[in-house]
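As structure tokens, the structure follows; a few thoughts come after it.
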Amino acid sequence: MKTRDKQILLLTLTAITVLGGYAFLRYAYGVTDSTPFTQEIVLIILGTVATVLITSLLLTQQTSVEIEKEQSIKFIELKTRTYEELISRIEEMTLSENITSQNIIRLQFTTHRLAIFSSPGVLKEFQHFLNVLKCSADDGNIHNDSEDIAQALARLTTKIRADLIGEIDAQHDYSQEQIQGFIMNNSNASMEINNPQRNA
């Protein structure tokens, strides 16, 4: 039986118990008026039945919430591992002298996993990143376009962060534009470490 069906059944049984108990109490009070303690016993039985039904309903609801929470955590962990793998693939490709067919195959499999777990924003920005990477690869040496790749990667990272912890950033009053600005500034600063002549 599904959780929702079980909740509806328990709610129905609780309602029947309460309504039936009220009707029965009116009858029992009149019938057992001359019998000592009978009314109290009837109240105890009805109260026990109602308590059991309500407790079962609360436990079912709590279990359902815990299952949904656990599934959500596992889904986020799976998305995080996929994004980490993507960054590792990109790092491997940009550090190599040439993009090999093996690099492309690995990136393709990662792309398929992204298609399953990622938000539309990540998928769109990843397409832009692939276009930049393709243009760089067509030039023969991706290191010649390292700045363009770094900026495209920064934009992609912004979307990945929004997909994973965007709600937390919003709670701290940081917009996606601000986060992207931070990431872009950090990316530019790291580029200047390797290219000090840019500031000359």
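The values are calculated or read from the model by the stated rules, or taken from the named source; none is laboratory data. Being a predicted model, the structure only gives us computed values, none of them experimental. Ideal geometry is used to build each Cβ from the backbone, glycine not excepted, and the neighbour counts take in all protein chains shown.
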* To do: Out of E84, E92, report the one residue that is charged (D, E, K, R) and surrounded by 13 or more Cβ atoms within 10 Å (Cβ to Cβ).
  => E92
* Identify, from the list T94, T100, T111, the residue that is touching a Phe, Trp or Tyr at 6+ places or on another chain (Cβ under 9 Å), assigned by TED's automatic domain parsing to the domain that holds A162 and not acidic (D, E). => T111
* To do: Would you mind finding the one in F182, F129 that is free of Cβ contacts under 8 Å to residues at least 60 places away in the same chain and more than 20 Å from S96 (Cα to Cα)?
  => F182
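Yes/no matrix, rows are residues, columns are (1) under 19 Å from R155 (Cα atoms); (2) part of a helix (DSSP H, G or I); (3) not small (G, A, S):
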site	(1), (2), (3)
T80	yes, yes, yes
Y83	yes, yes, yes
I87	yes, yes, yes
I90	yes, yes, yes
I99	no, no, yes
Q102	no, yes, yes
F109	no, yes, yes
R113	no, yes, yes
I116	no, yes, yes
* **Meets criteria (surrounded by fewer than 16 Cβ atoms within 10 Å (Cβ to Cβ), closer than 20 Å to I73 by Cα, β-branched (V, I, T) and modelled with pLDDT of 80 or more) for I116** => yes
* Check on I76, assigned to a helix (DSSP H, G or I), surrounded by fewer than 16 Cβ atoms within 10 Å (Cβ to Cβ), touching a residue at least 60 places away in the same chain (Cβ under 8 Å) and not hydroxyl-bearing (S, T, Y) -> yes
* In region 167-186, how many residues are surrounded by 13 or more Cβ atoms within 10 Å (Cβ to Cβ), aliphatic (A, V, I, L, M) and either outside the structural domain of A152 (by TED's automatic domain parsing) or under 21 Å from the mean Cα position of the chain (by Cα) (or both)? -> 1
* Asked: Quick check: anything in region 38-59 out of contact with any Phe, Trp or Tyr (no Cβ under 6 Å at 6 or more places or on another chain), aliphatic (A, V, I, L, M), in a helix (DSSP H, G or I) and modelled with pLDDT of 85 or more?
  -> no
